[in-house]
Amino acid sequence: MANSRSSSLSELAKYGFVDLSSTVSKLESLVENVGDNGRSALASLALAGNPDQALNYLLNLSDSNKPAIKKLLGNSATANRICRLLGASEAMGDLVSRHPELLQLFEKPIEQLSSPAELREALRKSVEADLKNAFDAQSVWSAMRFAYRRELLKIAIFDLEQKDAEAGLPKVAASLADLAGAALDAALEIARAELAASSEHGVYSAEEIDRTGLSIIAMGKCGARELNYISDVDVIFVAESRAASLETDRMLEIATKLATRMMRAIDGTAREPMLWQVDANLRPEGKSGALVRTLESHVAYYERWAQSWEFQALLKARPIAGDMNLGQQYVNQLSSKVWASAAREGFVESAQKMRERVT
């Protein structure tokens with residue numbers, strides 16, 4: 001009996017399990033929940049980056065979703081798909097545990113990633129009904145975040161089934177950046193509705209809010225469409241009045257409130273956890289500078305005050321949400337200054353010092 005158990009544990013070690021003693025009992029519990037499909041799951045669990053983690057999630061899911069898990073484990077392709085995902089990411093495992101209705105996404109392969117337009121439409125639809133009804137910020141934030149994570153799960157499933165992970169990386173990173181843009185776009189719509197529905201409605205008219213144009217410029221990895229699964233999203237805000245009757249100071253006041261509320265929709269406290277941090281510290285003057293500026297103010301800053309590293313940061317600037325035309329004007333007017341900055345005195349030395357700091 002001892003030799004048999006030793007042989008069994010040795011076999012589990014070959015499959016990649018670490019917590020060998022408890023793995024035996026967990027596999028037995030899985031078989032109790034889903035029958036023989038639990039036994040055949042061992043080969044799929046061996047494909048997971050972390051078989052112990054995948055088994056833990058699988059067992060917990062099978063406790064309350066026996067038919068769905070039994071069905072997925074009854075087919076080698078779907079079993080491989082869910083085990084890979086559960087063994088790769090605790091965040092995704094927690095997501096599926098909170099929302100077991102997402103198990104249906106494992107039934108078929110994700111053969112093609114959604115386009116930027118499709119991602120924006122998916123997140124827009126997630127908040128459409130709530131924005132038309134009585135406004136509840138917590139509810140609409142959670143709806144948008146769940147829609148984001150549903151799309152994120154699809155990207156992760158696609159990613160983990162790539163035969164050549166390195167070749168698939170650019171597609172995945174670009175899709176993650178596009179999804180972040182869709183979330184920012186939806187969050188900005190939420191911010192507009194929230195500001196209009198708040199007690200400040202008497203201070204800012206619906207017409208003023210509507211006539212305040214706000215563009216969100218992506219910087220860094222998001223701007224370059226090279227985003228990670230877990231990463232802050234660096235942004236810069238640009239605003240303009242869409243009507244001559246809306247004075248610049250008034251417009252900037254409204255735009256700043258929109259930007260602040262937009263960020264809260266992304267990372268504020270709600271039933272569905274925050275997505276990521278929206279980092280606006282690459283803006284002119286950093287934390288001490290105005291959160292939102294007009295295009296003219298941005299241009300003036302880069303002409304007079306910007307440091308060399310700030311021009312380098314603009315290399316990846318890209319309009320990602322909000323008023324895309326205004327965002328493109330921002331890029332068009334500043335792109336020439338990026339290259340002209342190389343002629344500045346001490347530019348090379350400055351770039352070298354920045355590189356040393358980064359290293």
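The values are calculated or read from the model by the stated rules, or taken from the named source; none is laboratory data. Bear in mind the structure is a predicted one, so any value in this text is a computation, not a measurement. Cβ: placed from backbone, ideal geometry, glycine included. Neighbour counts: every protein chain shown. These area figures cover heavy atoms from the full protein model, side chains too; ligands, DNA and RNA do not enter into them. Shrake-Rupley method; radii C 1.70, N 1.55, O 1.52, S 1.80 Å.
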**OP:** Treat the stretch 1-72 as a sphere of radius equal to its Kirkwood radius over Cα pairs and apply Stokes-Einstein at 20 °C in a medium of 1.002 mPa s; give the translational diffusion coefficient in µm²/s, rounded to a whole number.
**Re:** 174
Subject >> Alpha-carbon Rg/Rh ratio, for the stretch 67-129, with Rh computed the Kirkwood way >> reply: 1.03
Original post:
Accessible area per residue of the chain at 1.4 Å probe, in Å²?
Top reply: 49
**OP:** Using a 1.4 angstrom probe on heavy atoms only, work out the carbon and sulfur share of the accessible area of the stretch 241-359 in %.
**Re:** 49
**OP:** For the stretch 13-98, with all protein chains present and a 1.4 Å probe, just round the carbon and sulfur fraction of the accessible area to a whole percent.
**Re:** 48
Original post:
Among G93, A206, L123, whose Cα lies farthest out toward the positive end of the dipole of the chain, if unit charges sit on the beta carbon of Lys, Arg (+1) and Asp, Glu (-1)?
Top reply: G93
**OP:** Treat each spin label as a single point 7 Å out from the Cα along the C-beta direction, and report the V348 to Q307 distance in nm.
**Re:** 2.1
**OP:** For the stretch 47-190, state what percent of all Cα-Cα pairs lands in each successive 10 Å bin, counting from 0 Å until the bin that includes the largest distance.
**Re:** 11, 38, 32, 17, 2
**OP:** Quickly work out the E90-to-Y15 label distance, labels modelled 7 Å from Cα along the C-beta direction, and quote it in nm with one decimal.
**Re:** 2.3
Original post:
Size of the dipole of the stretch 28-88 about the Cα centre, Lys and Arg at +1 and Asp and Glu at -1 on the beta carbon, nothing else charged, in debye to 20?
Top reply: 280
Subject >> Unit Cα scatterers, Debye sum, the stretch 1-129: log10 I(q)/I(0) for q = 0.10, 0.11, 0.18, 0.21 Å⁻¹ >> reply: -0.36, -0.43, -0.95, -1.20
Subject >> Largest-first principal axis extents of the Cα set of the stretch 170-244 (Å) >> reply: 46, 25, 16
**OP:** Give a residue-ordered list of calculated ³J(HN,Hα) values for the stretch 180-189 (Karplus: 6.51 cos²θ - 1.76 cosθ + 1.60, θ = phi - 60°; whole Hz; x for Gly, Pro).
**Re:** 4, x, 4, 5, 5, 4, 5, 5, 5, 5
**OP:** Find which of N75, L61, S25 sits farthest along the positive direction of the dipole of the stretch 1-93, computed with +1 on the beta-carbon of Lys and Arg, -1 on that of Asp and Glu, about the Cα centre.
**Re:** N75
Original post:
Taking springs between alpha-carbon atoms closer than 10 angstrom, which of D279, D185, D36 fluctuates most in the Gaussian network model of the chain?
Top reply: D36
Original post:
Given V140, T256, G38, which one lies farthest toward the positive end of the charge dipole of the chain, if we put +1 on the Cβ of every Lys and Arg and -1 on the Cβ of every Asp and Glu?
Top reply: G38
**OP:** Compute the length gained on full extension between A244 and S64: take 0.36 nm times their separation in residues and subtract their Cα-Cα distance, giving the result in nm to one decimal.
**Re:** 58.9 nm
Original post:
So for the pair V358, A224, with labels modelled 7 Å out along Cα→Cβ, what separation do we get in nm?
Top reply: 0.7
**OP:** For the chain, give the magnitude of the charge dipole about the Cα centre (Cβ charges: +1 Lys/Arg, -1 Asp/Glu; no others), in debye to the nearest 20.
**Re:** 560
Original post:
Calculated FRET efficiency, F135 and E28, Cβ-Cβ r, R0 51 Å, to nearest 0.05?
Top reply: 0.50
Original post:
Going by the alpha-carbon gyration tensor, a ≥ b ≥ c the square roots of its eigenvalues, is the stretch 273-359 rounded (a/c under 1.5) or, if a/c is not under 1.5, prolate (a/b greater than b/c) versus oblate?
Top reply: oblate
**OP:** Please report the Cα spread of the stretch 186-286 along all three principal axes, rounded to whole Å, starting with the longest.
**Re:** 42, 33, 21
**OP:** Loop only per DSSP, at most 16 neighbouring Cβ atoms within 10 Å: give me the trypsin sites (Lys or Arg not before Pro) in the stretch 203-298, ordered by residue number.
**Re:** R242, R271
**OP:** Give the Cα extents of the stretch 46-95 along the principal axes, in whole Å, largest first.
**Re:** 24, 21, 16
Original post:
If Lys and Arg each add +1 and Asp and Glu each add -1, what is the summed charge of the other residues whose beta carbon sits under 11 Å from the beta carbon of A137?
Top reply: -1
**OP:** Return the label of the correct value of mean projected area of the Cα convex hull in nm², as calculated from the structure shown, out of (i) 18.6; (ii) 17.5; (iii) 22.1.
**Re:** (iii)
Subject >> For the chain, the longest site-free run once GluC sites (Glu not before Pro) in DSSP loop states with at most 13 other Cβ atoms within 10 Å are removed >> reply: 112-246
**OP:** Tell me the chymotrypsin sites (Phe, Trp or Tyr not before Pro) within the stretch 294-346 that lie in a loop according to DSSP and have at most 12 other beta-carbon atoms within 10 Å.
**Re:** W305
